[in-house]
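**Q** To start, I am sharing the structure in question, which I have written as structure tokens.
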Amino acid sequence: MAALATGGGMPSDGATSFQRKVPASSRLATIAGTRPSVRHGQLLLSSGLPSLDCVLEEDKYSIYSNLLFKYFLAEGIVCGHNLFVASAKEDPADILKELPAPLFDDAHKNQVNEKETAIKSKQESQESMKIAWRYQNLPRIEVSPAASARIGHYYDVSKMVSPELLQSTKWHRFFVPEEMSLHPEIKTCNMTCGYTRLLQSIQRIIYQEGFDGSYPQKKQKNILRIGIQSLGSVLWGDDICCTDNPEDIYSLTKFLYVLRGLLRMSLSACIITVPAHLIQNKAIMERVTNLSDTVVGLESFIGSERETNPLYKDYQGLIHVHKIPRLNSLICDVSGTKDLAFRLKRKLFTIEVRETVLFHYLEPERWSKSYHLV
Amino acid sequence: TPLWPAAPLRSWLIPVSSPLCASRGESVHVFGFEIPEEEFLAGFDPDVTVRLLYQDGFTDPLRWTGEAGGFGAEEFTALGVAGRLARGPAGPATVVLDSLSWLLLRQPLPAVCQTLGRIPRAAASAGLRVTRILALLHEDLHPPGLVETLRSLAQAVVGVRPAPEGMGSGEDAPRLASMLQRKGTGKVLTKEEYFTVLAGFTPKALGEPTGSVPRDEDADPHSTVDPTANLTFNLRLSDTERRARDGMPLPFHFSAQK
């Protein structure tokens, strides 16, 4: 068997002397809201919904894509990350005001009266355990993952984030009409102008705030979460949504290419929503998919014939996972579950495997608990 | 009398909505490019016309004569529009563009959309409050991608087309309006309604389509989709299958056969 050796040492009795060098990034594990992935040594952070650092293809009326966009930013606030919000339509300050409020989960509350519940549950279990009587004297332990291994929070969509929490967050903004008014000699902002300015702005923030390690000793390391809303839409000055023969078909892809470079060399993650259903030339979305780490499409049932389908009566739409990240790895895309459905109840947005939708329909009492996908 | 094939939108939409705005005490600024001012104002009551401020973009669109009061295509910028609005009375204002199609034939769509988005801000800095912008569009003049993009940007979209044959009677041909409204809470409301316009530009609703108009996907309006049909697996067992299943020894059970 092949042995990989680093820095000397002969392989003995078939064992390899390969030693995985502890990557320098393990020191980054102290950044709040992140944990290192054991598979590829990258830092993982939560997007508010599990594992969606990505390009989001917007649903028809942009309702749910905006919701996921807000989840991403809200998670940044709760973890204490820095935010960069870019939009051409909505003022970033208004976007931030409408972020969902975090639901501090019951584990926190339980810590306060944990002993109480442990006693109660023990009494219950003494009556019920006939077969497993040997275990009934053990205290009921909460089977929850260790705090450090668990990242991510739940949010209440019906409530807005508190202003105090917002004020404690450091954030930066880019609003296209504002940028245009700063430079009144430019009458209209074409795509090159808009995208270039956005890249310059992001680069400046990354450098000034030290996300690329330019100030290594000074500050506590933190993550920059970038959210760009409706990139490629008409309000950014791009015409890929109105014609299939646009003026500069590569401006969006050039922007993504440069942005990717900026993200790779800094501690940042980005979510971009794209009105893919409006982009006329399908080759553009193919290129965007190639240039992104994760691509997820949202399809809402509003106005489609699926709205009246009884199978989907509790659901608001489908999620199509077009691409999952393959950073620092040679394996190909092996995820089995690509078909997902989502539903938005009063408070929570949950994603489920689409096959379970049929089970819900057939035996709703039995499948009343939804299975959250992690 | 409106000529409905040629200009189905304008002929009734502005006449209907302007009195509504005027009655609320708002001023209505109309940027007209397609028909002359006299033709536009014909048929309105005097108390409506006093609230209507017409910016004439029809007489001299390219500004060759340079007469004061005209509005040229290149003046359609946020500052240009706000400047015209400032000439009117203070207070809430509605901006009407007749038509957006005319502007889109002369300026690229991204520029027009950016200008539309910036008009409220530019007006606010001049001390005015633009409550709504109403833009008319001749759908058949533009590629579908452009129309879809505009629909996605608008908060409310009203589409007008002639009603199917056999609806209504009389000289006023009824029309079908399909409305789509996006509310702030993220809800999307859609509605379809037949209507006609009576004398004096008052609209009259004629009721909603009952679905007697045949639709493509489902001829029978009472049948719903059955999700248990067309599955790739069996949901129910026949008797023989059930017996075969019951007689099967499970791998981890001791049985006489093993």
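**Q** Between residues in the stretch A:47-66 that are at pLDDT below 65 and residues that are crowded, with 22+ Cβ neighbours inside 10 Å and among the acidic types (Asp, Glu), which pairs lie under 7 Å by C-beta distance while being six or more apart or on different chains?
**A** As it stands, the answer is A:Ser47/A:Glu75; A:Gly48/A:Glu75, since those pairs meet every condition given.
**Q** Looking for something free of Cβ contacts under 8 Å to residues at least 60 places away in the same chain and touching a strand residue (DSSP E or B) at 6+ places or on another chain (Cβ under 8 Å) - is there at least one such residue anywhere in the stretch A:68-76? Spell out how you get there, then give the answer.
**A** Going residue by residue through the stretch A:68-76, those that are free of Cβ contacts under 8 Å to residues at least 60 places away in the same chain are A:70.
Within this subset, residues satisfying the condition of being touching a strand residue (DSSP E or B) at 6+ places or on another chain (Cβ under 8 Å) are A:70.
Yes - at least one qualifying residue is present in the stretch A:68-76.
**Q** Considering only residues that are closer than 19 Å to A:Pro275 by Cβ and among the hydrophobic types (A, V, I, L, M, F, W, C), which ones fall in the stretch B:138-151? Reasoning before the result, please.
**A** Initial filter on the stretch B:138-151 (closer than 19 Å to A:Pro275 by Cβ): B:142-151.
Within the stretch B:138-151, B:Leu146, B:Val147, B:Leu150 meet the criteria.
**Q** Could you identify the single residue in B:Pro209, B:Pro227 that is in contact with a Leu (Cβ under 6 Å, 6 or more places away or on another chain), modelled with pLDDT under 70 and on the phi < 0 side of the Ramachandran plot? Walk me through how you get there before you give the answer.
**A** Numbers: B:Pro209 fails: in contact with a Leu (Cβ under 6 Å, 6 or more places away or on another chain).
The conditions single out B:Pro227.
**Q** Find the residue count for the stretch B:116-146, including only residues that are within 9 Å of chain A (Cβ to nearest Cβ) and either among the aliphatic types (A, V, I, L, M) or under 17 Å from B:Pro89 (Cβ atoms) (or both).
**A** Residues that pass the stated criteria total 2.
**Q** I need the full set of residues from the stretch B:84-121 which are among the charged types (D, E, K, R) and either touching a His at 6+ places or on another chain (Cβ under 8 Å) or over 18 Å from B:Glu74 (Cα atoms) (or both), in order please.
**A** Scanning the stretch B:84-121 gives B:Arg84, B:Arg87, B:Arg121.
**Q** While we're on this one: Being outside any loop (DSSP other than H, G, I, E, B), aliphatic (A, V, I, L, M) and surrounded by fewer than 19 Cβ atoms within 10 Å (Cβ to Cβ) is the filter here, so list the residues in the stretch A:264-299 that pass it.
**A** Restricting attention to the stretch A:264-299, the residues satisfying the condition of being outside any loop (DSSP other than H, G, I, E, B) are A:264, A:268-274, A:282-291, A:295-299.
Filter once more, keeping what is aliphatic (A, V, I, L, M): A:269, A:271-272, A:274, A:283-285, A:288, A:291, A:295-296, A:298.
Those that are outside any loop (DSSP other than H, G, I, E, B), aliphatic (A, V, I, L, M) and surrounded by fewer than 19 Cβ atoms within 10 Å (Cβ to Cβ): A:Ala283, A:Leu291.
**Q** Go through the stretch B:43-62 and give me each residue that's within 21 Å of B:Ala73 (Cα to Cα) and touching a residue at least 24 places away in the same chain (Cβ under 8 Å). Break it down into steps so the answer makes sense when it comes.
**A** Of the stretch B:43-62, the ones within 21 Å of B:Ala73 (Cα to Cα) are B:52-62.
If the condition is that a residue be within 21 Å of B:Ala73 (Cα to Cα) and touching a residue at least 24 places away in the same chain (Cβ under 8 Å), then B:Leu52, B:Leu53, B:Tyr54, B:Gln55, B:Asp56, B:Gly57, B:Phe58, B:Pro61 are the ones that fit.
Listed here are the residues, each with its yes/no results for (1) within 13 Å of chain B (Cβ to nearest Cβ); (2) surrounded by fewer than 23 Cβ atoms within 10 Å (Cβ to Cβ).
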residue	(1), (2)
A:Gln220	no, yes
A:Arg225	no, no
A:Leu231	no, no
A:Val234	yes, no
A:Asp238	yes, no
A:Cys242	yes, no
A:Pro246	yes, yes
A:Ile249	no, yes
A:Tyr257	no, yes
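**Q** Here's something else I'd like to know. Assess whether A:Ile302 counts as being part of a loop (DSSP other than H, G, I, E, B) and over 23 Å from A:Leu199 (Cβ atoms). Let's see the steps before the verdict.
**A** On the way: part of a loop (DSSP other than H, G, I, E, B): yes; over 23 Å from A:Leu199 (Cβ atoms): yes.
When the stated conditions are applied, A:Ile302 passes them.
**Q** Only one of these is of a type in the set (Phe, Trp, Tyr) and modelled with pLDDT of 70 or more: A:Phe255, A:Phe359. Name it. Steps first, answer last, please.
**A** Details: A:Phe359 fails: modelled with pLDDT of 70 or more.
Exactly one residue qualifies, and that residue is A:Phe255.
**Q** Is there any pair with a first residue in the stretch B:123-144 that is touching a residue at least 40 places away in the same chain (Cβ under 8 Å) and a second that is of a type in the set (D, E, K, R) whose Cβ atoms are under 8 Å apart and which are 6 or more apart or on different chains, and what are they?
**A** Cβ pairs passing all conditions: B:Ala123/B:Arg129; B:Thr131/B:Glu26; B:Leu136/B:Arg10; B:Leu136/B:Asp98.
**Q** Just to be sure, is A:Arg225 part of a helix (DSSP H, G or I) and of a type in the set (Lys, Arg)? Walk me through how you get there before you give the answer.
**A** Numbers: part of a helix (DSSP H, G or I): no; of a type in the set (Lys, Arg): yes.
No; evaluated as a whole, the condition is false for this residue.
**Q** For the stretch B:103-154, how many residues are within 19 Å of B:Ser178 (Cβ to Cβ), more than 12 Å from the chain's Cα centre (by Cα) and assigned to a loop (DSSP other than H, G, I, E, B)?
**A** Matching residues across the stretch B:103-154 total 1.
**Q** Every residue in the stretch B:75-103 that is in contact with a strand residue (DSSP E or B) (Cβ under 6 Å, 6 or more places away or on another chain) and aromatic (Phe, Trp, Tyr), please. Give the derivation first.
**A** Of the residues in the stretch B:75-103, the ones in contact with a strand residue (DSSP E or B) (Cβ under 6 Å, 6 or more places away or on another chain) are B:84-85, B:88-89, B:92-98, B:100.
If the condition is that a residue be in contact with a strand residue (DSSP E or B) (Cβ under 6 Å, 6 or more places away or on another chain) and aromatic (Phe, Trp, Tyr), then no residue fits.
The values are calculated or read from the model by the stated rules, or taken from the named source; none is laboratory data. Only a predicted model underlies this, so the values are computations on that prediction, with no experimental measurement involved. Positions of Cβ are backbone-derived with ideal geometry, glycine not excepted, and every protein chain shown enters the neighbour counts.
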